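Sharing a structure, written as structure tokens. Questions coming.
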Amino acid sequence: ETGVTQTPRHLVMGMTNKKSLKCEQHLGHNAMYWYKQSAKKPLELMFVYNFKEQTENNSVPSRFSPECPNSSHLFLHLHTLQPEDSALYLCASSQDAGGGEKLFFGSGTQLSVL
Amino acid sequence: DAKTTQPPSMDCAEGRAANLPCNHSTISGNEYVYWYRQIHSQGPQYIIHGLKNNETNEMASLIITEDRKSSTLILPHATLRDTAVYYCIVSQAGGTSYGKLTFGQGTILTVHP
């Protein structure tokens, strides 16, 4: 148990559906992240939030919409996805200043877009 | 961030030490070496990190060469549960680089009985 919980664990959706991924951390961290891991590809950083403010958008298509209502919760809203968006979506958190890159990852949501 | 080079795969016998190498010849003075691992179908797990001194924790030891151009992660007594993909990452700590870890392909370590 890493202290970062992601739900759902698995998600199957059609291209016209709207769904949301949820991430919650119980570590008192101030930074949260979304990463994407496609089959046989390295992890790709998608978004970074620091103290609820988005500080990084790594050229992610607008069909992915993040939301960070507080430092403990992070959402990824999905709409009109494409089959190539099928991947493992990982949430992570880290301490703020002085924490460096010691990230704590959740177990991920395995997304399949049909 | 500096690029790293790791062997694509390694094998190790259970109970023996696993030594995973990493080359980072373009590392700059303010960049740390981080190691993470990812067990199948799980998120990556932080293992250890260091700047220039050797480091040890309950999971592993990190040996960094004096010129900092390469490092070795040592799992002293590998178990079957250590079978995973191991990532060596070079990155600045803090500042505006939060979470901007660049994950490569890593080394697939297989521990055999």
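Which values of log₁₀ I(q)/I(0), to two decimal places, follow from the Debye formula for chain B at q = 0.11 Å⁻¹ with a uniform point scatterer at every Cα?
Here the Debye-derived log intensity ratios amount to -0.32.
Moving on to the next point. Convert each backbone phi in the stretch A:76-91 into a coupling constant with the Karplus relation 6.51 cos²θ - 1.76 cosθ + 1.60 (shift: θ = phi - 60°), then list the ³J(HN,Hα) values in order as whole Hz, x for Gly and Pro.
So the J values, rounded to whole Hz, are 10, 8, 10, 8, 6, 6, 10, x, 6, 7, 4, 5, 8, 9, 10, 9.
Please list the non-local residues whose amide H lies under 5 Å from the amide H of A:Ser20, H modeled 1.01 Å from N, same-chain partners needing a gap of 5 or more.
The list, which skips near neighbours in sequence, is A:Leu78.
Amide H to amide H under 5 Å from A:Ser86: which residues, 5+ apart in sequence or cross-chain, H placed 1.01 Å off N in plane?
Amide H neighbours of A:Ser86: A:Val113.
In percent, how large is the relative contact order of chain A, given Cα pairs closer than 8 Å and 6 or more residues apart?
37
Could I ask something else about it? Can you compute the modelled spin-label distance between A:Lys22 and B:Ile63, with each label point 7 Å from Cα toward Cβ, in nm?
About 4.8 nm, to one decimal.
So for chain A, what are the equivalent ellipsoid semi-axes in whole Å, largest first, each being the square root of 5 times an eigenvalue of the Cα gyration tensor?
23, 14, 13
Just to be sure I understand the model, the point goes 7 Å from the Cα along the line to the Cβ. What's the resulting A:Gln82 to A:Ser59 distance in nm?
1.4
Would you kindly enumerate the cysteines in chain A that have no other Cys beta-carbon under 4.7 Å from their beta-carbon?
Cys with no partner Cβ under 4.7 Å: A:Cys68.
Still on this structure, please answer the following. Which listed residue (A:Leu88, A:Leu43, B:Thr26) has the Cα farthest towards the positive end of the charge dipole for the protein assembly as shown, taking +1 on Lys and Arg C-beta and -1 on Asp and Glu C-beta about the Cα centre?
A:Leu88
Now for a separate question. Based on Cβ point charges of +1 for Lys and Arg and -1 for Asp and Glu, what charge dipole magnitude is obtained for the stretch A:18-114 about its Cα centre, in debye rounded to the nearest 20?
For this selection, approximately 300 debye.
Using a 1.4 angstrom probe on the protein heavy atoms only, could you order B:Asp82, B:Asp11 from most to least accessible area?
B:Asp11, B:Asp82
The values are calculated or read from the model by the stated rules, or taken from the named source; none is laboratory data. Not measured: the values here are computed from a predicted model. Note that each Cβ is placed from the backbone with ideal geometry, even for glycine, and that neighbours are counted across all protein chains shown. Note: areas computed on protein heavy atoms with side chains; ligands, DNA, RNA excluded. Shrake-Rupley method; radii C 1.70, N 1.55, O 1.52, S 1.80 Å.
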